[in-house]
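Worksheet: the structure to be examined is printed underneath.
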Amino acid sequence: MTVARFWRKIPQRYNMIGTKCQTCGRHFFPPRTFCPDCRRTGKIVDHKFRGMGTIVTYTVIHTANEQFEAFTPYVLAIVQLDEGPRMTTQIVCRPDEVKIGMRVKSAFRRIATDGESGIIHYGTKFVPINQT
Amino acid sequence: MRDVAVIGIGCTTFGEKWESSFRDLFVEAGALALEDAQLAGEKIDAMYVGNMSAGRFVEQEHIGALIADYAGLATHHIPSTRVEAACASGGLAFRQAVIAVASGMEDIVVAAGVEKMTDVEPGASTDTLTGAADREWEGFVGATFPGLYAMIANDYMHRYPLTREQLAQVAVKNHFNGARNPIAQFQQEISVDTVLKSTLVADPLRLFDCSPITDGAAAVIVAPFERAREFTDTPIKVLASAQASDTITLHDRRDISTLDATVIAGKRALKIARCIHKDIDLVEVHDCFSIAEICAIEDLGFCKKGEAGKLTSDGITALNGDLPVNTSGGLKACGHPVGATGIKQVYEIVQQLRGEADRRQIDGAEIGMTHNVGGTGATVAVHIFGRI
């Protein structure tokens, strides 16, 4: 991924800045600039997500794309954020720890490296919330 | 709208075809289809070709013109158009050809599909296929295609009865069929044990749950039904063509384990064809992964959600069952050259309805269905065919 392409989405990737439709209250992550429900009557504003959510489903990746080969096995999941939207993300935990329904929170982490001398991609992963 | 018929079919063998280039593949499939229709190339009015990613696989774009040129038709200047919808590219190319003929714009139209996938390293081909999902919000964070379907499998198995063995039986059944198909990439039967002992790719999916990387091309020729008997004694009528779309990401779907685009396209197709499920004698579904065949059978409405595992283990979907699914061997055993798959499904159904499927023949097959999926379900094409 080129520098400009990565840099353009830093607010979303680092800080979970999405959007919200003020007309209907629906949240969007990743951000949308057009509300599918309200269409032209929608009013879209930025929204910072709290980064709390629940695992809907998951897998453990054993065979990865080139950029992720060094990280296998790793846990990939779909997380439903408390505000409503779902996102695909890695979960920072052992493969045998992950469960459907597990509560997780966002964390700033390294995602991948573009080859040996390329830029390092940072972004959001999720970590389990310790439940006592 | 005019009725449309398939008057000719052709397909290369599928596999790791080191000796064949991208253009060798589609020229071979096209020549076979023309020969089958006993048609001279200069009679062709237009071409549509399904291709996902020649740009990344062989660094070639502008596929429409290239194919018309190497089909020997450059001096005829026919319209030739590439159609892209990831793994549904072939199904959509076929639909465009049907629309062209049905509308009256063209008479003799070729619908082809081609993919040359083995000229890049396996890591690069996996990465290219990830482009069928959302690159920014799925691929970027480490999702792979097997990984996305594995998340469907885990969601499904959390909610519905489906055992790991039943999932394996999908692949066992498709290899059994592939062993009876001379164009199939894998013509060996396997056991449940073969699947369960194969390498983990994305838990719970193992290597033998996944369709392979394949080179291949397929081509079919469509014409107005009223003219079909000029070319063939066994025209196969296109009873319905339907297409639907959905969110590009898996995580934005209404239901992770239901492909709504399949549900919608399937219902539309049955309505257009004026058919009910019991009328369908066989179906080619998009089994890019074993779990995808389970979801497809249910989402097309052949049984309720949660029942396809039992349908599979009871042998209902086998060659000798009440609803044979993927008689070609499916994507799993026949192979999955992504742009060609949708056309190969038509090739298989036409062979079956003509009674030319040899050791895979379903006796008395009169109506067949194809189901072609792009990505994790963002595009779906469903077609229904009848022997008239």
Original post:
What's log10 of I(q)/I(0) for chain B at q = 0.06 Å⁻¹, Debye sum over Cα points only, no solvent?
Top reply: -0.19
**OP:** At most 13 other Cβ atoms within 10 Å and a DSSP loop assignment: could you name the trypsin sites (Lys or Arg not before Pro) in segment A:32-81 that fit?
**Re:** A:Lys43, A:Arg50
Subject >> Charge-dipole axis of segment A:23-101 as Lys and Arg at +1 and Asp and Glu at -1 on Cβ define it, positive-most pick from A:Pro31, A:Gln67, A:Cys93 >> reply: A:Pro31
**OP:** Any of B:Lys17/B:Lys310; B:Lys271/B:Lys332; B:Lys305/B:Lys332 with alpha carbons more than 26 Å apart? Name them for me.
**Re:** B:Lys17/B:Lys310; B:Lys271/B:Lys332
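Could you give the dipole magnitude of segment A:51-132 about its Cα centre, charging the beta-carbon of Lys and Arg +1 and that of Asp and Glu -1, in debye to the nearest 20?
Working: 8 positive and 8 negative charges, 70 e Å.
For segment A:51-132, the charge dipole is close to 340 debye.
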**OP:** May I ask you to list the aspartates and glutamates whose Cα is less than 17 Å away from that of B:Lys197, ignoring any residue fewer than eight positions away on the same chain?
**Re:** B:Glu165, B:Glu189, B:Asp209
Original post:
Can you pull the Rg over Rh of the protein assembly as shown, Cα-only, Kirkwood?
Top reply: 0.98
Original post:
Straight-line reach from A:Lys105: which lysines have Cα under 23 Å away, leaving out those fewer than 8 places along the same chain?
Top reply: A:Lys9, A:Lys20, A:Lys48, A:Lys125
Subject >> Inter-part distance where segment B:117-190 and segment B:273-329 are each reduced to a Cα centre, Å >> reply: 17 Å
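Grab the beta carbon distance between B:Ala65 and A:Phe34, set R0 = 45 Å, and tell me the FRET efficiency rounded to 0.05. Working shown, then result.
Details: r = 35 Å, r/R0 = 0.78.
It comes out at approximately 0.80.
Looking only at GluC sites (Glu not before Pro) in DSSP loops with at most 12 other Cβ atoms within 10 Å, what is the longest site-free stretch of chain A? The partial results should precede the final answer.
On the way: sites that count: A:Glu97, A:Glu116.
The segment A:1-96 is the longest one with no such site.
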Original post:
Counting Lys and Arg as +1 and Asp and Glu as -1, each charge on the Cβ, what is the dipole of chain B about the Cα centre in debye, to the nearest 20?
Top reply: 860 debye
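Only Lys, Arg, Asp and Glu count, each charged at its Cβ (+1, +1, -1, -1), so figure out the dipole size of the protein assembly as shown about its Cα centre, rounded to 20 debye. Before the final figure, lay out each step's value.
Details: 54 positive and 61 negative charges, 493 e Å.
Roughly 2360 debye, rounded to the nearest 20.
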Subject >> Given chain B, longest segment not containing exposed loop GluC sites (Glu not before Pro) (DSSP; at most 16 other Cβ within 10 Å) >> reply: B:190-355
Subject >> Signed unit charges on C-beta, dipole axis of segment B:164-275, positive-most listed residue B:Ala240, B:Phe208, B:Ser191 >> reply: B:Ala240
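Values quoted throughout were computed directly from the atomic coordinates according to the rules given, and no laboratory measurement underlies them. On a predicted model such as this, the values are computed, not experimentally measured, just so you know. We place every Cβ from the backbone using ideal geometry, glycine too, and count neighbours over all the protein chains shown.
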